Every structure is written in structure tokens, then in C-alpha cells.
Amino acid sequence: AQSVSQHNHHVILSEAASLELGCNYSYGGTVNLFWYVQYPGQHLQLLLKYFSGDPLVKGIKGFEAEFIKSKFSFNLRKPSVQWSDTAEYFCAVNVPSSASKIIFGSGTRLSIRP
Amino acid sequence: EADIYQTPRYLVIGTGKKITLECSQTMGHDKMYWYQQDPGMELHLIHYSYGVNSTEKGDLSSESTVSRIRTEHFPLTLESARPSHTSQYLCASRQGADYGYTFGSGTRLTVV
């Protein structure tokens, strides 16, 4: 069964620092990959997704992620974070099939110091 | 603004009560899902549906049940709530395999 690992449980950065959140998945075949964000008190929102094509995916609010198949990784990056990026970030994977279920990682809490 | 609605947003009830958490979507999505999320933990799939009259149990064992009589409605029921059911319950829908989920705002349930 596929699984998703997010090794950083809590990341604390200062504004303008660069961000990289790690995500690794376990499945040897074709996958769809997602990053979701949950701002305090709000519902989960899709940040970006990778299905095929260019492995460097750009999402909303200046976020991007790079799919590296050989490393089973899909790390999230942002060159310069803002205080408003404080949120919980979830990496997720889906094996394209009739099941259509998305498996989520445990999340990384990002705290930005103003 | 999400087109998927969950009510209530917060619920505190006593042990042994029967409760139904509502989830409705206006996007015509066939696929709908219920996840359970404890603070700081990953989301666990507890139920899903591929369409009307289709329901399946998810990866996490749950004492809840679901129904899907209409495309837009996917309620979750606990026949007899217990403190171990205290959690956040998230409903989501999906247009198809090439799309991500759209999530509702969640129901935070506390059983005392």
C-alpha cells in the first residue's frame, strides 16, 4: 500500500527565509502528487498538484514543488516566506485507479516569525 | 470559497447520543469522502462513495456509517457516540481521478 512521509513536523522560520518541506512517498508506479495547505481556522485547500509532464510544478502564492521520481520525493519550496504562510501543509499521493483515494502525510506545521 | 458544506462546524454531545454529521456539495461530483483528523496528525480515510448507493469503508476502522441516496449529500452517522470519537471530521469530493479534492470546513466533534 502506498504511504506518504513528511519528516518535518514543525518548521519555524523568519520572514523572507527560504522554505523547503520534505515529502517522500512509497509506490513504484505512476502516482499523482498533491500539496494541500490548511490556514488556521480554515478548510484544506489545494496548493499545487503533479500528474504528468514538467516535474517542476508551480502553485498558488509563490509555492512550487519538484517531483523527483528516482528519490520518490515531492518537496515543497518557496524562495521567501511571509507571515501569512503560517499554516499546516500536507503532502498527499494518489495512485490513478478506480479507487481514486488520496493518501495524506501527517502534515508539517509552519510557523513564521514576523 | 468551497462548494462543499459541512454542518455543524462544532458539536459537543454526551456519551451514547446518536449524531449525524452533514455534508453536501453543489458541484455534481460523484466521488465523496470522509476523513478523520486528530490535531497534528494525518488525515485518515474512514468512508468513501463513488456515487449514489455506493459506499465503502476506508483504511481506518470506524464505528460510523454513511449513506449516499443523492449525489450531493453524504451524511455520516454515529449511532452511539463515545469519547474516543472526539476528533475532526472532514468531508471532501472529487470530480475525477485527474483532479484533487475539494474539502469542506470540517466538523469538530467533542464527546463528553
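The values are calculated or read from the model by the stated rules, or taken from the named source; none is laboratory data. Here the structure is a predicted model, which means the values were calculated and not measured. Don't worry about glycine lacking a Cβ; one is built from the backbone with ideal geometry, like all the others, and counts go over all protein chains shown. All accessible areas refer to the heavy atoms of the entire protein, side chains included, with ligands and DNA or RNA removed. Shrake-Rupley method; radii C 1.70, N 1.55, O 1.52, S 1.80 Å.
Evaluate the charge dipole of the range A:3-113 about its Cα centre and quote only its size in Debye, nearest 20, assuming +1 on the Cβ of each Lys and Arg and -1 on the Cβ of each Asp and Glu.
In debye, rounded to 20, the range A:3-113 gives about 120.
Of B:His73, B:Leu11, B:Ser54, which is farthest along the charge dipole of chain B in the positive direction, counting Lys and Arg as +1 and Asp and Glu as -1 at C-beta?
Value computed over the given set: B:Leu11.
Using a 7 Å offset from the Cα along the Cα-to-Cβ direction at both A:Ser14 and B:Thr110, what is the distance between the two label points in nm, to one decimal?
3.8
Of the residues B:Ser67, B:Ser84, B:Ser49, which exhibits the maximal mean-square fluctuation in a Gaussian network model of chain B defined by a 10 Å Cα contact cut-off?
Of B:Ser67, B:Ser84, B:Ser49, the most mobile in the Gaussian network model is B:Ser84.
Could you give the length gained on full extension between B:Met41 and B:Thr7, defined as 0.36 nm per residue of separation minus the Cα-Cα distance, in nm?
In short, 10.0 nm is gained.
Rounded to a whole number of µm²/s, how large is the Stokes-Einstein D of the protein assembly as shown at 25 °C and 0.890 mPa s, given Rh as the Kirkwood radius over C-alpha pairs?
Estimated via Stokes-Einstein, D reaches 136 µm²/s.
On the accessible surface of the range A:3-113, probed at 1.4 Å, how many percent belong to carbon and sulfur atoms? Show your work: numbers first, answer last.
Numbers: 2600 of 4890 Å².
With neighbouring chains kept in place, the figure for the range A:3-113 is 53 percent.
Residues of the range A:1-29 with backbone nitrogen within less than 17 Å of a virtual label 7 Å along the Cα-to-Cβ line of A:Ser106, please, listed as ranges.
A:3-12, A:21-26
How much accessible area per residue does chain B have, counting only protein heavy atoms and a probe of 1.4 Å, in square angstrom?
47
Within a Cβ distance under 11 Å of A:Ser106, other residues only, what is the Lys/Arg minus Asp/Glu net charge? Write down the numbers at each step before the final one.
Working: positive: A:Arg109; negative: A:Glu88, B:Asp38, B:Glu42.
So the environment of A:Ser106 carries a net charge of -2.
What's the FRET efficiency of B:Thr26 with A:Ile68 using the Cβ-Cβ distance as r and R₀ = 45 Å, to the nearest 0.05?
Calculated value: 0.75.
Aspartates and glutamates within cross-link reach of B:Lys17: Cα-Cα under 18 Å, excluding same-chain residues under 8 positions apart?
Straight-distance partners of B:Lys17: B:Glu63, B:Glu79.
About the Cα centre, and with charges only on the beta carbon of Lys, Arg (+1) and Asp, Glu (-1), how big is the dipole of chain B? Nearest 20 debye, please.
That gives chain B a dipole magnitude of about 360 debye.
What percentages, rounded to whole numbers, describe P(r) for the range A:3-113 computed over all alpha carbon pairs with 10 Å bin width beginning at zero?
Histogram of Cα-Cα distances, whole percents per bin: 15, 50, 29, 6, 0.
Carbon and sulfur: what percent of the range B:7-72's accessible surface (1.4 Å probe)?
Accessible surface attributable to carbon and sulfur in the range B:7-72 totals 50 percent.
Whole-Å semi-axes of the range B:2-71's equivalent ellipsoid, largest first, each the root of 5 times a Cα gyration tensor eigenvalue?
On the way: eigenvalues 82, 46, 39 Å².
Taking √(5λ) for each eigenvalue gives 20, 15, 14 Å, largest first.
So, counting K/R as plus one and D/E as minus one, what does the shell of residues with Cβ under 13 Å around A:Phe63 add up to?
So the environment of A:Phe63 carries a net charge of +1.
Can you give me the pair-distance distribution of the range B:15-112, C-alpha pairs, 10 Å bins, whole percents?
16, 52, 28, 4, 0
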